[in-house]
């Protein structure tokens with residue numbers, strides 16, 4: 001920060017030089033002008049003295065002319081090389097006033113419109129934090145300096161959760177969703193923070209957030225984990241096992257949280273057996289492969305950033321998707337797999353319905369239920385394993 005102000009001070013000095021140098025030159029010109037005026041006065045005094053001597057008879061006309069010529073030569077010799085004084089319309093006070101106002105206004109405008117706080121934050125973030133509280137304070141300052149940055153708010157919300165400040169985290173994640181849109185991972189984080197802020201009381205708000213997150217992305221890990229926790233706390237152990245198994249399927253083999261998650265599943269199974277129940281066997285998951293592409297006329301109109309929702313729904317059954325994936329137009333053509341692990345709710349799985357329809361919808365607004373263009377397949381058995389071709393070619397009406 002000191003280097004910045006030194007550089008700014010040097011630039012101000014350069015700017016002042018353009019204002020003060022003409023003033024200093026003006027003072028030098030004034031001194032030259034004053035000296036010239038003195039020489040002219042001496043010349044006039046000498047001529048007057050010669051005229052007095054002539055009137056007294058001391059000098060004749062020839063001597064008077066000779067004296068005048070000598071005084072004129074001396075005057076010319078004294079004023080030779082003196083520049084003609086420049087006329088200035090600004091006057092002398094205005095440059096001095098400008099020289100004073102330039103640095104004052106420059107600093108004031110920078111402090112108001114500049115980014116001194118962001119420069120200081122950049123310097124702070126270049127140093128490792130000494131504690132979690134120190135990191136949280138930095139993130140709070142960054143969020144205050146850039147209130148429209150969803151990234152800064154997201155990391156602040158995560159920091160609040162790490163400090164058990166779930167109520168503050170819920171407010172921050174709500175602001176993040178308002179700025180970045182209703183992305184499934186953000187909705188999951190918001191739902192989790194709200195759940196703990198409500199002292200682990202399940203509420204319609206939390207249910208709506210998790211439902212929306214899983215509707216957009218059936219594999220959204222935070223929502224799956226949270227639903228498993230809520231089911232376990234409500235002694236719905238089979239539901240907890242189902243949610244956590246879905247979450248376990250999303251984690252890579254080297255993920256350290258797999259062991260803790262498996263421990264939760266085992267504990268839920270023990271509780272279920274203690275209550276007289278039995279753990280439902282994990283069904284073999286059905287997988288349907290579908291390749292999605294665009295028709296030529298749709299490709300010319302769709303934007304690369306438009307969302308594409310690919311899902312399967314029951315021909316005879318609820319209208320909610322049984323399995324879904326979300327990509328963008330830029331990803332097309334693409335081949336995806338739809339299976340039980342992509343189910344939005346445990347009771348709505350591909351394996352539970354004999355016949356399904358494949359659908360792909362383009363939605364510029366990012367809404368899975370409405371969009372601009374759509375492609376549908378003919379009804380087919382949910383046990384189908386052959387690759388299915390699906391083309392988005394019709395307006396979504």
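I'd like the distance separating the alpha-carbon centroids of the range 365-397 and the range 146-190, in whole Å. So the separation of the two Cα centres works out to 33 Å.
Of the residues 131, 382, the one with the fewest other Cβ atoms within 10 Å heads the list, and the complete ranking is 131, 382. Residue exposure proxy: 355, 45, ordered by other Cβ atoms within 10 angstrom of their Cβ from fewest to most, comes out as 45, 355.
Considering only alpha-carbon pairs that sit under 8 angstrom and 6 or more positions apart, the relative contact order computed for the range 128-234 is 19 percent.
Rounded if a/c is under 1.5, else prolate if a/b beats b/c, else oblate: with a ≥ b ≥ c from the C-alpha gyration tensor eigenvalues square-rooted, which is the range 133-258? Before the final figure, lay out each step's value.
Working: a/c = 1.80, a/b = 1.72, b/c = 1.05.
The shape class here is prolate.
Each of 243, 237 was scored by other Cβ atoms within 10 Å of its Cβ. Arranged with the fewest first, they read 237, 243.
Rounded, prolate or oblate for the range 287-395? Axes are the square roots of the Cα gyration tensor eigenvalues, ordered a ≥ b ≥ c, and the cut-off for rounded is a/c under 1.5. Prolate is the answer for the range 287-395, as a/c is 1.5 or above and a/b outweighs b/c.
On the beta carbon distance between residue 238 and residue 146, with R0 = 41 Å, the FRET formula returns roughly 0.35.
Cα gyration tensor of the range 324-369, axes a ≥ b ≥ c as square roots of the eigenvalues: rounded (a/c below 1.5), prolate (a/b > b/c) or oblate?
On the way: a/c = 2.25, a/b = 1.79, b/c = 1.26.
Note, shape of the range 324-369 comes out prolate.
A short reminder: the numbers here are calculations on the coordinates, not readings from a lab. Only a predicted model underlies this, so the values are computations on that prediction, with no experimental measurement involved. All Cβ positions, glycine included, derive from the backbone under ideal geometry; neighbour counts span all protein chains shown.
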